[in-house]
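Scroll down for the structure; my scribbles are underneath it.
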Amino acid sequence: MRWPSPGPEATRAAAARLARSLDAGLVVALVGPLGAGKTVFAKGLAEGLGLDPDAVASPTFVIASEYPVAAGPLRRLVHADLYRIESEAELEAAGLRDWLEPGTLLAVEWADRFPEALPGDRLEVALSGGAGDRVLEIRALGPASQKAMARWRQMWP
């Protein structure tokens, strides 16, 4: 699925709709160059879960941030950034298995650095372009992510 996003607000709104459409945990693999909107997308996921999107910042230096969710089917949002991770062993030591617990929405920036370490069933969101001409390319890579993408699509304007 390909979707043009005319600005950061549209990217954030699309992510918020995704989060609101979920009834189970999901891994969202965010891919794109610096400034493509990966953190904006993560802020939208937080907003869709009823969290303060302004509390979400790029976890580049802390590797991952966890946000508990008060209501709904999900218990937490984990926002991870693999930019500074050097190996799969380091990713594992950072807590990858803990991030994959049921009831977790895991948003992974720079997921293309270690795609083989992530679950095969994931939603991949590739962001390209700038703030005014951004494009989201979305691929569902398994049955759970296909179900999530179908529900998400129904919520698009």
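The values are calculated or read from the model by the stated rules, or taken from the named source; none is laboratory data. Owing to the predicted nature of the structure, the values given are computational and were not obtained by experimental measurement. Here the Cβ positions follow ideal geometry from the backbone for every residue, glycine too, while neighbour counts run over all protein chains shown.
Pull out all pairs, ordered by first then second residue, where Cβ-Cβ is under 6 Å, the residues are six or more apart or on different chains, the first lies in the range 20-34 and is assigned to a helix (DSSP H, G or I), and the second is small (Gly, Ala, Ser) and at pLDDT 90 or above.
Filtered contacts from the range 20-34: ARG20/GLY48.
Scanning for something touching an Asp or Glu at 6+ places or on another chain (Cβ under 7 Å) and on the phi < 0 side of the Ramachandran plot, does the range 96-106 turn up at least one residue?
no
Considering the range 18-46 alone, what residues qualify as being within 12 Å of the chain's Cα centre (by Cα) and more than 16 Å from GLY129 (Cβ to Cβ)?
Once the filter is applied, which keeps residues that are within 12 Å of the chain's Cα centre (by Cα) and more than 16 Å from GLY129 (Cβ to Cβ), the range 18-46 yields LEU18, ALA19, GLY25, LEU26, VAL27, VAL28, ALA29, ALA42, LYS43, GLY44, LEU45, ALA46.
Quick one: in the range 102-124, which of the residues that are assigned to a helix (DSSP H, G or I) and out of contact with any strand residue (DSSP E or B) (no Cβ under 8 Å at 6 or more places or on another chain) is nearest to LEU30 (Cα to Cα)?
ARG113
Would you be able to say whether some residue in the range 96-110 is within 13 Å of the chain's Cα centre (by Cα) and aromatic (Phe, Trp, Tyr)?
Yes: the range 96-110 contains one or more residues that are within 13 Å of the chain's Cα centre (by Cα) and aromatic (Phe, Trp, Tyr).
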